[in-house]
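First comes the structure, then the notes that go with it.
The values are calculated or read from the model by the stated rules, or taken from the named source; none is laboratory data. What you are looking at is a predicted structure, and each value in this text was computed from that prediction instead of being measured. Neighbour counts are summed over all protein chains in view; Cβ atoms, including those assigned to glycine, are modelled from backbone coordinates with ideal geometry.
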Amino acid sequence: MKRFLFCITLGMVSLLQGCGGDPGKYPDPVDVSGKVVGANGAPVTGVKILFQPTSTIPTAFGQVGKAGEFKTKAVPAEYIFYFEPRSVSTEEEREEAAAAFASIAAKYREPQKENTVKLGSTPVEIKLAP
């Protein structure tokens, strides 16, 4: 009977540890801001920018606004960046989002190792090549 109770207790402790994770595992996220500029020097607008970490930390993303600016929260680290169409609710917005995404070179539409940026509390500027 004692062995049975021990096994149940051990199982419950294991489950609880798995659910909560390690709260001190990652540094705290910081406010991140930046600007995305196209190859022609004009701001990139109307897309979602995603940041895939190069290590085992949480991902981050933000909406790129009319001036090419974005804001998000991220753990300071190096990330691979790429773009997706922004979320929309009307057909007109859907067409605008599709046109904005189409203006992004194909090499920036999926995560690729050569598209990296270091995020932290200092604003960043991401310059896209043709």
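Condition (residue is of a type in the set (V, I, T), touching a residue at least 40 places away in the same chain (Cβ under 8 Å), under 17 Å from K35 (Cβ atoms) and touching a Phe, Trp or Tyr at 6+ places or on another chain (Cβ under 9 Å)) applied to segment 71-78: is it met by at least one residue?
Within segment 71-78, one or more residues are of a type in the set (V, I, T), touching a residue at least 40 places away in the same chain (Cβ under 8 Å), under 17 Å from K35 (Cβ atoms) and touching a Phe, Trp or Tyr at 6+ places or on another chain (Cβ under 9 Å).
Does segment 70-90 contain any residue that is closer than 22 Å to P130 by Cβ and in a loop (DSSP other than H, G, I, E, B)?
Within segment 70-90 (the criterion being closer than 22 Å to P130 by Cβ and in a loop (DSSP other than H, G, I, E, B)), the answer is no, since none of the residues qualifies.
For segment 32-69, enumerate the residues that are assigned to a strand (DSSP E or B) and under 12 Å from the mean Cα position of the chain (by Cα). Quick ask: steps written out before the conclusion?
Quick first cut of segment 32-69, residues assigned to a strand (DSSP E or B) only: 32-37, 43, 47-53, 60-63, 69.
Result: V32, K48, I49, L50, F51, Q52, P53, A60, F61, G62, Q63.
Please work out which one of (1) surrounded by fewer than 15 Cβ atoms within 10 Å (Cβ to Cβ); (2) at pLDDT below 95; (3) part of a helix (DSSP H, G or I) is the condition K107 fails and give its number.
With (1) surrounded by fewer than 15 Cβ atoms within 10 Å (Cβ to Cβ); (2) at pLDDT below 95; (3) part of a helix (DSSP H, G or I) applied to K107, the lone miss is (2).
Sort out which residues of segment 28-70 are of a type in the set (A, V, I, L, M) and either at pLDDT below 95 or within 16 Å of F101 (Cα to Cα) (or both), and write them in order of number.
Answer for segment 28-70, where residues must be of a type in the set (A, V, I, L, M) and either at pLDDT below 95 or within 16 Å of F101 (Cα to Cα) (or both): V36, V37, A39, A42, V44, V47, I49, L50, I57, V64, A67.
Check whether at least one residue in segment 81-101 is buried (at least 17 other Cβ atoms within 10 Å of the Cβ) and under 12 Å from L119 (Cβ atoms), and report yes or no.
Yes.
Within segment 110-130, which residues are part of a loop (DSSP other than H, G, I, E, B) and not β-branched (V, I, T)?
E110, P111, Q112, K113, E114, N115, G120, S121, P123, L128, A129, P130
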